[in-house]
Amino acid sequence: MPHPEDSELVARALRQDERAFRDLIQRHHAMAYAAVRSVLGDRDEVQDVMQMVYLKAYQGLAGFRGDARFSTWLYQIARREALDVSSKRRVETVDVETVELAAGAHHAADAATHERSEREWIASALGEIDETYRTAIELRYMAEKSYEEISEIMSVPVGTVKTYVHRGKAEMKRILSRPAWRADASKS
Amino acid sequence: MSNHLNQNCERFEAMIVAWFDADDLSSVERDDLNAHIPTCASCRESFEVTSRMEAALMARRSDVPAVDSFLPVISAPVGAVRPVGAVRSVGAVRSVGAVHAHPKLLAAFRALMSPAGISIMLMSWTAMLALHFRKQIGEVFVWTSSDRFSALGNDVANLLVTISRGDTHVLTGIYVAVTVVVLGSMGLITLRYVRNS
C-alpha cells in the first residue's frame, strides 16, 4: 500500500483524524528532534520543547497553507521553540555557565586524561561548531535526510547544504584531532 | 595527526572528508586516495579519525527517542478519556478534541480571544455606542459649556454641537478615518499573533 502524501495526511488531520496527525508527526519526528537537538544539545529541556513543538503543530495546523512543505513548516516551529528556550536559558544561567567555564579551564589538564565515551566526544565536538553546520549535520545523520531534503527543510540550495556538512565535519575533525580525544581513542 | 601536511596531503585531506559521502568523489579520486593512504602516515591517521567520527555520527540515529514519549495527549483518540499530565498546554489540546469544532472556526475564535481581538471588539463597540448616542453626547457638551468652563471648552463644545446638529458627515469621516487606522493596526497585530501562535 503506497504511503499517503504529507498533504493528504494534513487534510485528514484537519478533519480531526488524529491518526493521520500521528502518522505525519511520526514521519517527521527524527527531523524535528534533530532540529531541536542542534540548538539545545542534550539538555533536559529537549523533552519539554518537543512536546511544545507538537502541540504548536497540532494547534496551528489550520494555519498551514501548504505554500511550503510540511517538513519545512515543522522545522521552523521546532527551531523557533528551541531558540526561544535557549535564549531564556542563556539569560537565566549566564553566571553559572561562566563559573563552570572558568572551572573547566582550570581543570583542562585533568580533562585530557578523563575517560569519555566516543559519543560524548562527538556531542562535545558538535557543540563547538557553528550552529548552521551543526543543524545540517544533525539532519544528515540523526534524521537521515538526503542533501535534497535538507535543502528543502532549511530553505537553502543543495550545494550550500553540502558546504555546511563538509565544513562542519572538517571543523569537528579539527576538534577531534586534539590530543585528549586521541589519547582516549588509544585506550579504547 | 601531523600539523606539517605537505601540499599533496592537503588535497587528500579534503578528499578524506568527502570519501564518506558516496557521490562526492569520482572513481579516479578514490583510486588516488587508496593509493596514497598506505604510503602516508598523517593521511592514514586523518582517515582513521574521520572514519571514527563518521561511525559515531551514524550512531546518533539511535539517539532519536520514540515519538510516543512526546505525544502523551494527542495520541489518545478523540473523545476518549485523556490523562491529564504535567504539560502546560494539555488543556488546550483536550479542549480542541472535545469541541470537535472546525479548525478555521477555532482559528477565528483564537483570534477573537487574543488581546488584539478583544481590543478590536471593545473599540468597535465603543465606536458604535458613540455614534448611537452622539446627540446625547452633544447635549452633555452644551450643558458643560456653561460659564463654569473655559473659552477653549466652549469652542470644543460648540464644534461638537454643530456636528451633532447637522453636519454628521464630518463626524462620520473622523470616526471612519480613526477606525480604519486603529483597526488596520490591530488587524496586523492580530494576524501576527495568529501566525505566531
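The values are calculated or read from the model by the stated rules, or taken from the named source; none is laboratory data. Everything numeric here is computed off the predicted structure, so don't read it as measured data. Heads up, the Cβs are rebuilt from the backbone with ideal geometry, glycines too, and the neighbour counts pull from every protein chain shown. Heavy atoms of the whole protein, side chains included, go into the accessibility calculation; ligands, DNA and RNA do not. Shrake-Rupley method; radii C 1.70, N 1.55, O 1.52, S 1.80 Å.
At a probe radius of 1.4 Å, what is the per-residue accessible area of A:Phe64, in Å² to the nearest 10?
Near enough 30 Å² of accessible area.
Am I reading the B/A interface right? What is its buried accessible area, both sides, 1.4 Å probe, to the nearest 100 Å²?
Chains B and A together bury roughly 4500 Å² of accessible area.
Between B:Leu131 and B:Val181, what's the calculated FRET efficiency when r is the beta-carbon distance and R0 is 22 Å? Round to 0.05.
Taking R0 as 22 Å, the efficiency between B:Leu131 and B:Val181 is 0.80.
What residues in segment B:26-61 lose 30 Å² or more of accessible surface when the other protein chains are added to their chain alone (1.4 Å probe)?
B:Val49, B:Arg52, B:Met53, B:Glu54, B:Ala56, B:Leu57, B:Arg60, B:Arg61
Quick one: if the Förster radius is 41 Å, what FRET efficiency do A:Thr72 and B:Arg30 give, using the C-beta to C-beta distance and rounding to 0.05?
Numbers: r = 34 Å, r/R0 = 0.84.
With R0 = 41 Å, the Cβ-Cβ based efficiency is 0.75.
Set the Förster distance to 22 Å, then compute FRET efficiency between B:Ile174 and B:Ala108 from the Cβ-Cβ distance, nearest 0.05.
Efficiency at R0 = 22 Å is approximately 0.15.
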